[in-house]
Amino acid sequence: MNLRRLAYALVLAGCGTGAHAFTIEYSLDRPAPLVACDKQLYRGARADAMACYRKLIVDSTDNRIKADAARASGDARGANGFFQVAIKDYPQDARVRTRWGELFLATHQNSEAAKLFQEALEQDPKYAPAMLGLAKVAASGFEEKTREYAKKVIDEAPDQAVGAHLLLARAALEDGAIDAGDKEIDKALELVKKHDFSPLEAYALKASVDLLRGTTDSPWTKRALALNAGYGEAYATPAYFYVITRRYREAIDLLNKAVEVEPDLYSAHTELGVNLLRENRIDEAQQHLAIAYRGDPFSAPVVNTLRLIDSFSNFVVLRHEPDTKPGSVPNKGSLLRLHKKEAPVIEPYVLDLVNRTIATYTKRYGFELKEPVVVELYPQHDDFAVRTSGLPGIGLLGVTFGYLVAMDSPARHADSDFHWGTTLWHEMAHVFTLEATRHLVPRWFSEGVSVYEEWTTGPLHGRHIPPPVLKAIKDGKFLPVAELDRGFIRPTYEQQVIVSYMQAGLTCEYVASRFGQAGLKAMLDQFGAGKDTAQAVEAALKITPAQFDKDFKAYVEQQLGTVIANYESWQHALAETSEAVRAKDWRLVAAKSAEAIELNPDFVDQGSPYIAKARAHKELKETALMTSTLLEYRKRGGYDPDALLSLATSLTEANRTDEATGVLKDVLMVAPLRTEVHSQLGDRLLAAGDAADAVVEYKALLALAPKDMADAHYRLAKAYLAAGDKTGSREHLLYALEIAPHYREAQQLLLEVVR
Amino acid sequence: MSARTHLAVLAALGAVFAAPARADLYYLVVGGLGGEAKYQEQFDKDTAAVAAVARRTAGNDHVVVLQGESATRAALVKAFDSLRTRTKPADSLAVVLIGHGSFDGDTYKFNLPGPDIDGGELKKLLGGVPARTQLVVNATSASGAVLDSWVADGRTVITATRSGFERNATRFAEVFAAALTDGAADINKNGVITAQEAFDYASRAVADSYKDKGALATEHPQLKGGGAARFMVARLGAAPSAPANPEVAALTTERERLDGEIEALKERREQMAPDAYLDQLQKLLVQLAEVQGKIDAAQGKPQ
């Protein structure tokens, strides 16, 4: 046993004993005594099967059989112990390592499983079950290698390829290639029949095919349950395809049936918990996750999600009633789940943005929401990640599950330039595209509309295309529209997901520019009617997908051709600008940044040359040029909070106070936790006679506990008085003077208020 | 100490108005050896800034400033000798050390032209000054090494670093100097900056400065000792003179009485219903505002 192997043993030894997965075995080399027990399990005679496995554990002299029997009976720890002995007994047997790898796979330790499969292949490069094991590991991460490994099994050991065909079927169905998936299942079924394997898994996938084709009451489900009335996967497998196509409510219905027929199907309890949470049904979610934890304590998503639910006590839930004013856009209200520390500051801005998105999207997409929207903002990114996927460490900023939006809060990115306003704008568009189509909208279109709306109607106008995407366009990496979903679901190169976001956004921009907003609406309607992308393009736009791709390419060329052609020169100018900044040669910075801006004037994200140019003008005391540079930067969607605050200051100094107010409002969308934004904006609003909005700003300022609390109370008191609220004014004057009894201005205002 | 208790102590003792009139404040400001031009320039600038405030607050003849080549160990010892003979027990002494410090795991040293001076010697020199109320602001690197050993009855110690092992050059002196002239540091808006207010302002500014630069903070300012809230380190305006007008003198006494009542009321806040507390607070604050208005009118100040 080498050190690494010892580590494997320790990990499992520390686990509980409950990991039980009903796995259908397809290995031709599975020992006959195990196969005999398996058959009882597959036909639903669970008690008999368990007795059979236990007998093998006691009677068998082969530790390989004892290990597999222990695993099948749900004793992962016992199985691990037997594998440790078996590997000493049969050090050159690739099967031992493969079966041990399967145990690790079942207990969610994929990297350890992969190592064992690799070792098995080193011993026997043609050992098909080990290759299939690698395919399963890849499939758990939606990796393209799934196909590669599975095809290798099919090519090299076609007779042992049931599992490989089923994996390919799953992958095809995940990609929406229903016919291809169905064919793979049929190939698997032929082998199942030939070798007298259990067809349960294949039947469950057949039911999934029916579901994806719109048949919810599949005869395959009945056939599976006829073979084994307690086979919960007959429902849970199709439910999985509802989940990945974001039809969470339908998935919950099926998962409830799954645990009804198989109460200890812990994976279904996990899925139920996660999906009930997506529907904001927190108590039910917690119940199912607790059951899942009892049965499968190895599951990181279960543990993480239960911890997240516990942390909800640190959040407040703020309900906002529907707007029923005559003539207003229909709005079913909203429910905001915000962290206790952040809520007093950000609630008004979040609510305002939610209401604005509802008004905007209702009009633009002709769809009225049927339920209140739930919006959750998480100051801890890992909490948001767990909320999204059950696991920390995802690279997303926001996610939408129908009527529920979850995203990072401004506090999560207090040290960076996270434009939370745009993220919320983006996610709220998903609420509409998902609900208007009963969640049938393909991923690319939903993302495309969200990105397009960010660029056109959101709080941060302008296209924001990262440099690697420009490079990808230059390299011809855009996909045909009918295959665009693949770029999101199964990326084949680094950055493909972000490239796909941008392609989707540009595609929607193109549709809107050529066919009008009605074109986007018509496509949405087609998706709602169950059409795929090719059908939707033809029906809504009266154009073939091939022609669409050709015309879209021309559009991209027309819009971005010059920028793309200048890509290298632009990168060079950016590098020269940075070099000049390092050398503090401000005249050179101004010249080089101007060059970079000319080559790509829309680039306002991190590293934008506008910032360098503005700084150069500031250093050179060219205030007017600094202001005009920052105005152009802002106009094109620049949002660096320091740059905007600097712009607000220079506009104020130039008596352009209305413009300064607008700039400060922009800063709220990126840095609402900075005290100076609220104090400055409150002052401007109060001076402009907008006392009610000034009250909002000063309340946010107070909630941020600034250094000078007496001053913050005094400002709020002034705003209350201007808004006609003497009671509020008196209260905050008293708080100001409680801190600073000799504060002259507050003393004088108090006398004015109480006399 | 909660903010509320801190404020209560601050005003209940009436130090902010009364203390300077009863006793003298002395300042000793030392700008140490920079070693490199950029540090020397910064230390000189910080020393000059603190010295200017000290002169305005305590008066020219109560301030000793040592910097540059003249800031030697011998000169420092001599300055302490002078303070030993000049100050009375009722006086206050503020010592501000700016520059580099070092710590070898055992001994702290303040870097000066010529021989350095170590923490033990400085402690002895401080102990020899009769002024019972002392504030030492050691803004040097590694200054945290002397925090515990220098603090004493009547002596409050502020250091730029948490321990002797924070050895990088500090930013504390610069922001501490800024605190002494920035009205934003005057949290209770009485025109006077206390050691506590200056420390709060400076420590926040240090933390913000590292955060803004995205750098890991290499200094964590510390304060130890009970007198910071009562120790005036700077006056934002001109020093008030004793009122010659008997009417103003009476009003000033009345104002001090109201200050005391307000503080006593704040102490009782937790035992009172919120509305009752605010009603009583309002009554006292209105009286205070009216008295202040009369003082201002009598002194010809605009109201």
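Read-outs throughout are calculated quantities, based only on the coordinates presented, and are distinct from any laboratory measurement. For clarity, every value in this text was computed on a predicted model and none was experimentally measured. We place every Cβ from the backbone using ideal geometry, glycine too, and count neighbours over all the protein chains shown.
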Inset, instruction - Mind checking A:728-737 for the average number of partner chain beta-carbons within 10 Å of each residue's beta-carbon? - result: 3
Legend entry - For region A:474-560: rounded, prolate or oblate by the Cα gyration tensor [a/c cutoff 1.5]: oblate
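Two decimals, Cα atoms only, Kirkwood Rh: what is Rg/Rh over region A:185-316? Walk me through the intermediate numbers first.
Details: Rg = 16.2 Å, Rh = 15.5 Å.
Using only Cα positions, Rg/Rh for region A:185-316 is 1.04.
When a/c reaches 1.5 or more, the comparison of a/b and b/c decides; with that in mind, is region A:664-710 rounded, prolate or oblate per its Cα gyration tensor? Walk me through the numbers before you get to the answer.
On the way: a/c = 2.00, a/b = 1.17, b/c = 1.71.
Oblate.
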Legend entry - Cross-link reach list, lysines versus residue A:152, counting only Cα pairs under 26 Å and skipping chain neighbours closer than eight places: A:115, A:126, A:136, A:183, A:187, A:193, A:194, A:206
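Provide the percentage of antiparallel DSSP beta bridges, counting only those with both residues in chain A; round to the nearest 5. It would help to have the intermediate numbers written out before the result.
Numbers: 10 of 19 bridges.
Rounded to the nearest five, the antiparallel share is 55 percent.
Given the -39500 (n - 2.57) contribution per DSSP H run of 4+ residues, what per-residue ellipticity at 222 nm results for chain A, rounded to the nearest 500 deg cm²/dmol? Please report the intermediate quantities before stating the final value.
Working: 39 runs with 513 residues, N = 755.
So the calculated ellipticity at 222 nm is -21500 deg cm²/dmol.
Do me a favour and compute the ellipsoid semi-axes for region B:230-283 from its Cα gyration tensor, root of five times each eigenvalue, largest one first, whole Å.
Values: eigenvalues 174, 53, 15 Å².
Calculated on Cα positions only, the semi-axes equal 29, 16, 9 Å.
Percent of Cα-Cα pairs more than 16 Å apart in region A:515-616, please.
66 percent
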Legend entry - Span from the region B:32-53 Cα centroid across to the region A:677-732 one, whole angstrom: 40 Å
Inset, instruction - Once you have all Cα-Cα distances for region A:196-250, histogram them in 5 Å bins from zero and send the whole-percent values. - result: 5, 23, 32, 22, 12, 4, 1, 0
Legend entry - Overall form of region A:63-144 per C-alpha gyration tensor (a/c, 1.5; a/b vs b/c): oblate
Inset, instruction - Give the relative contact order (percent, whole number) for chain B; include only Cα pairs under 8 Å separated by 6+ residues. - result: 17 percent
Inset, instruction - May I ask for the Kirkwood hydrodynamic radius of region A:703-755, worked out over all distinct Cα pairs and given in angstroms to one decimal? - result: 10.6 Å
Inset, instruction - Starting with the highest mean, order A:681-691, A:546-556 by the number of other Cβ atoms within 10 Å, averaged over the residues of each peptide. - result: A:681-691, A:546-556
Inset, instruction - Over the alpha-carbon set of region A:417-467, work out the extent along each principal axis and list the three values in angstrom, largest first. - result: 33, 21, 17
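Let me know the volume per residue of the alpha-carbon convex hull for chain B, in Å³.
Values: hull volume 45.9 nm³, N = 303.
It is 151 Å³ per residue.
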Inset, instruction - In a Gaussian network model over chain B where Cα atoms closer than 10 Å are linked, find which of B:125, B:28, B:147 has the largest mean-square fluctuation. - result: B:125
Legend entry - Cut-off under 5 Å, modelled amide H: who pairs with residue A:378 long-range: A:407, A:408, A:409
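Can you sort A:254, A:704, B:112 so the residue with the fewest Cβ neighbours within 10 Å comes first?
A:704, B:112, A:254
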Inset, instruction - Rounded to the nearest Å, what's the spacing between the alpha carbon centres of region B:62-86 and region A:498-553? Just the number, please. - result: 82 Å
Inset, instruction - At a temperature of 10 °C and a viscosity of 1.306 mPa s, determine how fast region A:419-510 diffuses translationally according to Stokes-Einstein, using the Kirkwood radius over alpha-carbon pairs as Rh; express D in µm²/s, rounded to the nearest whole number. - result: 119 µm²/s
Legend entry - Other protein chain Cβ atoms within 10 Å, averaged over every residue that makes up A:518-529: 0
Inset, instruction - Rank the residues A:657, A:492 as a footprinting-exposure proxy: fewest other Cβ atoms within 10 Å of their Cβ go first. - result: A:492, A:657
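When a footprinting reagent is the concern and you count Cβ atoms within 10 Å, what order do A:521, B:189, A:726 take, fewest first?
A:726, A:521, B:189
What order do you get for A:624-630, A:280-286 when each peptide is scored by the mean count of other beta carbon atoms within 10 Å, highest first?
Numbers: A:624-630: 20.0, A:280-286: 15.9.
Per-residue Cβ counts within 10 Å, averaged per peptide and sorted highest first, yield A:624-630, A:280-286.
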Inset, instruction - Can you pull a Stokes-Einstein diffusion coefficient for region A:88-211 at 10 °C (1.306 mPa s), Rh from Kirkwood over Cα pairs, as a whole number of µm²/s? - result: 108 µm²/s
Legend entry - Difference of contour (0.36 nm per residue) and Cα-Cα distance, residue A:316 to residue A:572: 87.2 nm
Legend entry - Among B:144, B:164, B:114, residue whose mean-square fluctuation peaks in a GNM of chain B (springs only between Cα atoms under 10 Å): B:114
Inset, instruction - Just round it to a whole percent: the fraction of Cα-Cα distances in region A:644-755 exceeding 19 Å. - result: 44 percent
Inset, instruction - Identify all lysines with a Cα-Cα distance to residue B:224 below 29 Å; exclude those on the same chain that are fewer than 8 residues away in sequence. - result: A:707, B:45, B:78, B:88, B:109, B:123, B:124, B:189, B:211, B:213, B:266
Legend entry - Burial ranking of peptide ranges A:328-341, B:86-99 (average Cβ count within 10 Å, highest at the top): B:86-99, A:328-341
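Average partner chain C-beta neighbours within 10 Å, per residue of B:181-192? Walk me through the intermediate numbers first.
Values: counts 0, 0, 2, 4, 2, 4, 7, 8, 15, 4, 2, 1.
So the per-residue partner count for this stretch is 4.
Quick one: pull the percentage of alpha-carbon pairs in region B:72-177 with a separation above 19 Å.
Numbers: 2251 of 5565 pairs.
Value for region B:72-177: 40 percent of Cα pairs lie more than 19 Å apart.
Using the C-alpha atoms of chain A, what convex hull volume per residue, in cubic angstrom, is computed?
Numbers: hull volume 147.5 nm³, N = 755.
Per residue, the Cα convex hull of chain A comes to 195 Å³.
Computed FRET efficiency, Cβ-Cβ of residue A:284 and residue B:37, R0 56 Å: what is it to the nearest 0.05? Display every interim value, and only then the final one.
Working: r = 69 Å, r/R0 = 1.24.
The formula returns an efficiency of 0.20 here.
Where does region B:146-303 land on the Kirkwood hydrodynamic radius, alpha-carbon pairs, in angstrom? Please report the intermediate quantities before stating the final value.
On the way: mean 1/r = 0.0536 Å⁻¹.
Final number for the Kirkwood radius of region B:146-303 is 18.6 Å.
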Legend entry - Euclidean distance of C-alpha centroids, region B:242-303 and region A:194-260, integer Å: 78 Å
